[in-house]
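K.L.:
Handing you a structure now.
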Amino acid sequence: MPAPPTRRRDIYVNPLATRYASADMLRVFADERRFGTWRQLWLALARAQHELGLGISAEQVAAMEANLGDIDYAVAEERERLVRHDVMAHVHAFAVQCPAAAPIIHLGATSMFVVDNTDLVLLRDAYGIIRDRLVRAIAGLRDLAARHRDVPCLAYTHFQPAQPTTFGRRVCLWLQDLLLDLDTCEWQRGRLRLRGAKGTTGTQASFLTLFDGDHEKVLEMDRRVAAAMGFDATFPVTGQTVSRKVFADALTFLAGVAQSAQKMANDVRLLMGLGCVEEPIGESQIGSSAMAYKRNPMRSERMTSLARLVMSLSSYAAVTAAEQWLERTLDDSAGNRIAIPEAFLATDALLVLLENVGGGLQVYPAALRRELTRELPFMATEEILMRAVSAGGDRQQLHESIRRHSHAAARRIKEEGAANDLLERLAADGAFAAVRDEIPGMLDPARFVGRSREQVDEFLAGHMNPVLAQHGDALDTAAGEVTV
């Protein structure tokens, strides 16, 4: 077997490409896909112009088609060093390979015809990958929620003990966030349009000249280019560029996914610290170079780190959209080349992790019960109070007794590390003699979880299962090989 290829070690290489993102997402933003799409757009434009009667021959169109996938990058790069313009460099490289078509490549178009339209094509494809990953992550968490629908555990507010819930219901909180993200993904992808053939400042003046003032042919050319690229429509008005709100909306959506992922990752980290759950851990995985016993929440911490990056990139896109001057400025070009791919690559990577953690999370019911048992006597006091009052006791006196015993039990737990003996204290207090025999039965966690189990069942049946049925194609898609 040949040795695996080695990458250069003397220059910076983006870790999103070498460590985190999937090959599927990397291919979307690769040069081959980008510049290949430029050539597809030039072909679509020339074909539409030929079909609508401009002086472009079938032979010229055929020559372009024959050279779509055969890009001579050396010629393009040499030309770009000379002219300092990437689009014109690739026009030149295309023309060198099909000289018969050289006079009509890019006819009537501006650079943004290929740059912006390609970005919209790539955006559509990247949305599709994120959508599939969301669906698979949701499916894994759906199964986790169903398996633990009735496993009681302690709910927290402010990371302080609150009331019992079930672990399955906690998972449903994560799921609901991801469902909102999936809805946003579908909506934003569904409303994408192509920029189309709009000319230098969006007025289509160059194309109107080419078609001798025939507005209908200009509109039809625009429609045909869109159809050739798989779009139903183009944006009705643009400047030289499509509105940068399109990209700001995309990165805002990705930031929303990052929020959902980080929320879940933080919960897993907290619960791992309590010893109640464990994320998937490799058989030979090392948690610490010093402490060999450590099993750290490495995947969840990486999710948090990547999510932070994605959320920060959304602010770049918002500022860029607001900063565009009149019909266009070029101050977005360099940043967009970095921010848009990186936001999608990082989101892709964190969803790979989310699917892995959610689908393989190890839950320890005994540990969950341990945390709950320590606090459950305090939570049972309200029902004990009500029962004792119903048996003829004085509410204020009983409340004071509970307060005094609760503080004493809590102090013993904190200072001595002892078990919670609150219920024993209440049973020994004559004020609660009338309900003494009932007190042990009040420690059943099922008495305090409310409708947690029913809410899990209702949520999965009414919301989760229909969504997964609708997106069954994503569940059949291979996730791709990514090391997590």
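K.L.:
How big is the gap, in Å, between the Cα center of region 132-172 and the Cα center of region 418-454?
P.N.:
Answer, in whole Å: 26.
K.L.:
Hey, fewest Cβ within 10 Å first, where do Thr329, Thr304 land in order? Please list the in-between numbers first.
P.N.:
Details: Thr329 14, Thr304 21.
In order of increasing Cβ crowding within 10 Å: Thr329, Thr304.
K.L.:
With axes computed from alpha carbons, what is the tilt in degrees of helix 167-190 against the longest principal axis of the chain, rounded to the nearest 10 within 0 to 90?
P.N.:
20
K.L.:
Considering the options Leu376, Ala433, Gly393, tell which one lies farthest towards the positive end of the dipole of region 367-447, charges being +1 on Lys and Arg and -1 on Asp and Glu at the Cβ, about the Cα centre.
P.N.:
Leu376
K.L.:
Right, here's the next one. Take the alpha-carbon positions of region 1-116, form their convex hull, and give its projected area averaged over all directions (one quarter of the hull surface) in nm². Provide the component values of the computation, followed by the final result.
P.N.:
Working: hull surface 39.9 nm².
Taking the Cα atoms of region 1-116, their convex hull projects to 10.0 nm² on average.
K.L.:
Something else now. How large, in Å, is region 240-390 by the Kirkwood hydrodynamic radius built from its alpha-carbon pairs? Walk me through the intermediate numbers first.
P.N.:
Details: mean 1/r = 0.0535 Å⁻¹.
One over the average 1/r among Cα pairs gives 18.7 Å for region 240-390.
K.L.:
Looking at region 319-357, which GluC sites (Glu not before Pro) are in a loop (DSSP not H, G, I, E or B) and have at most 16 other Cβ atoms within 10 Å? Walk me through the numbers before you get to the answer.
P.N.:
Values: sites: Glu323, Glu327, Glu342, Glu355; in loops: Glu327.
Sites meeting the loop and neighbour criteria: Glu327.
K.L.:
Would you mind checking the radius of gyration and Dmax of region 367-447 based on alpha-carbon positions, in Å?
P.N.:
Over region 367-447's Cα set, Rg and Dmax evaluate to 12.5, 39 Å.
K.L.:
Across region 373-378, in residue order, what do the Karplus-derived ³J(HN,Hα) couplings come to in whole Hz, using 6.51 cos²θ - 1.76 cosθ + 1.60 with θ = phi - 60° and x for Gly and Pro?
P.N.:
Each residue's phi maps through the Karplus curve to give 4, 4, 9, 4, x, 5 Hz.
K.L.:
Calculate the spin-label point distance for Ala322 paired with Ala419, positioning each point 7 Å from the Cα along the beta-carbon direction, and give it in nanometres.
P.N.:
6.0
K.L.:
Then there's this: Taking K and R as +1 and D and E as -1, what net charge do the other residues with C-beta under 13 Å from the C-beta of Leu192 add up to?
P.N.:
On the way: positive: Arg124, Arg131, Arg189, Arg191, Arg193, Arg195, Lys245; negative: Asp116, Asp119, Asp125, Glu186, Asp232, Asp249.
Neighbourhood net charge equals +1.
K.L.:
In nm, to one decimal, how far is the modelled label at Thr373 from the one at Tyr12, with both set 7 Å along Cα→Cβ?
P.N.:
Taking the two extended label points, one gets 5.4 nm.
K.L.:
Using the charge dipole of region 1-152 (Lys, Arg: +1 at Cβ; Asp, Glu: -1 at Cβ; taken about the Cα centre), state which of Ala74, Ala109, Pro152 has its Cα farthest towards the positive end.
P.N.:
Pro152
K.L.:
Each residue of region 236-251 in turn: what ³J(HN,Hα) in whole Hz from Karplus with 6.51, -1.76, 1.60 and θ = phi - 60°, glycine and Pro shown as x?
P.N.:
Working through the residues one at a time gives x, 9, 9, x, 5, 10, 6, 3, 6, 5, 4, 7, 5, 4, 4, 6 Hz.
K.L.:
While we're looking at this one, here's another question. Suppose a student asked you for the relative contact order of region 144-295, using Cα pairs under 8 Å spaced at least 6 residues apart; what percent would you report? Display every interim value, and only then the final one.
P.N.:
Working: 134 pairs, mean separation 25.7, N = 152.
Result for region 144-295 is 17 percent.
K.L.:
List the aspartates and glutamates whose Cα lies under 17 Å from the Cα of Lys414, skipping any in the same chain that are fewer than 8 positions away.
P.N.:
Hits, sequence-local ones excluded: Glu371, Glu375.
K.L.:
Right, another one. For Gln163, list long-range residues whose amide hydrogen, built 1.01 Å from N in the peptide plane, is under 5 Å from its own amide hydrogen.
P.N.:
Under 5 Å from the amide H of Gln163: Ala155.
K.L.:
Return the long-range amide H neighbours of Ala109 (sequence gap of 5 or more, or a different chain), with a cut-off of under 5 Å between placed amide H atoms.
P.N.:
none
K.L.:
Can you give the FRET efficiency to the nearest 0.05 for Arg403 and Leu274, using r as the Cβ-Cβ distance and R₀ = 25 Å? Walk me through the intermediate numbers first.
P.N.:
Numbers: r = 27 Å, r/R0 = 1.10.
Between Arg403 and Leu274 the formula returns 0.35.
K.L.:
Another question about this same structure. Ratio of region 170-304's C-alpha Rg to 2.2 N^0.38 Å, to two decimals? Write down the numbers at each step before the final one.
P.N.:
Working: Rg = 24.7 Å, N = 135, 2.2 N^0.38 = 14.2 Å.
Its radius of gyration relative to the 2.2 N^0.38 Å reference: 1.74.
K.L.:
Now for a separate question. For an R0 of 22 angstrom, estimate the FRET efficiency from the Cβ-Cβ distance between Asp72 and Ala228 and round to the nearest 0.05. Mind showing how you got there, number by number?
P.N.:
Numbers: r = 24 Å, r/R0 = 1.08.
About 0.40, to the nearest 0.05.
K.L.:
Summing +1 for each Lys or Arg and -1 for each Asp or Glu, what net charge is found among the other residues whose Cβ lies under 10 Å from the Cβ of Arg27?
P.N.:
Details: positive: Arg33; negative: Asp24, Glu32, Asp125.
With Lys, Arg at +1 and Asp, Glu at -1, the net is -2.
K.L.:
Please identify every one of the trypsin sites (Lys or Arg not before Pro) in region 399-484 that sits in a loop by DSSP and has no more than 13 other beta carbons within 10 Å of its own beta carbon.
P.N.:
Numbers: sites: Arg403, Arg404, Arg411, Arg412, Lys414, Arg425, Arg436, Arg447, Arg451, Arg453; in loops: Arg451.
Here the sparse-neighbourhood loop sites are Arg451.
K.L.:
Give the peptides 461-471, 122-132 in descending order of average Cβ contacts within 10 Å, highest first.
P.N.:
Details: 461-471: 14.2, 122-132: 20.0.
Highest to lowest by the protection proxy: 122-132, 461-471.
K.L.:
Still on this model: What spacing in nm lies between the two simple spin-label points modelled at Thr203 and Lys245, each 7 Å away from Cα in the Cβ direction?
P.N.:
With each label placed 7 Å out from Cα toward Cβ, I get 2.4 nm.
K.L.:
Still on this structure, please answer the following. Quick one: what do you get for the chain if you divide its Cα Rg by 2.2 N^0.38 Å?
P.N.:
Normalised Rg, Cα atoms only: 1.34.
K.L.:
Can I ask one more? Quick one: compute a quarter of the convex hull surface over the Cα atoms of region 98-257 and quote it in nm².
P.N.:
On the way: hull surface 52.2 nm².
Mean shadow area of the hull around the Cα atoms is 13.1 nm².
K.L.:
Another question, then. Give the calculated FRET efficiency between Ala102 and Glu220 to the nearest 0.05, with a Förster radius of 25 Å applied to their Cβ-Cβ distance. Intermediate values should be presented prior to the final figure.
P.N.:
Working: r = 26 Å, r/R0 = 1.02.
About 0.45, to the nearest 0.05.
K.L.:
Further, regarding this structure: Per residue of region 380-391, in order, report the coupling 6.51 cos²θ - 1.76 cosθ + 1.60 (Karplus, θ = phi - 60°) as ³J(HN,Hα) in whole Hz, putting x for Gly and Pro.
P.N.:
Working through the residues one at a time gives 7, 5, 5, 5, 4, 4, 5, 5, 5, 5, 4, 7 Hz.
K.L.:
In debye, nearest 20, what is the charge dipole magnitude of region 31-104 about its Cα centre with +1 on Lys and Arg Cβ and -1 on Asp and Glu Cβ, if you could check?
P.N.:
On the way: 7 positive and 11 negative charges, 41 e Å.
Here region 31-104 has a charge dipole of around 200 debye.
The numbers here are math on the coordinates, done by the rules we state, and not lab data. Everything numeric in this text was worked out from a predicted model, so none of it was measured. All Cβ positions, even for glycine, are placed from backbone atoms using ideal geometry, and neighbour counts span all protein chains on display.
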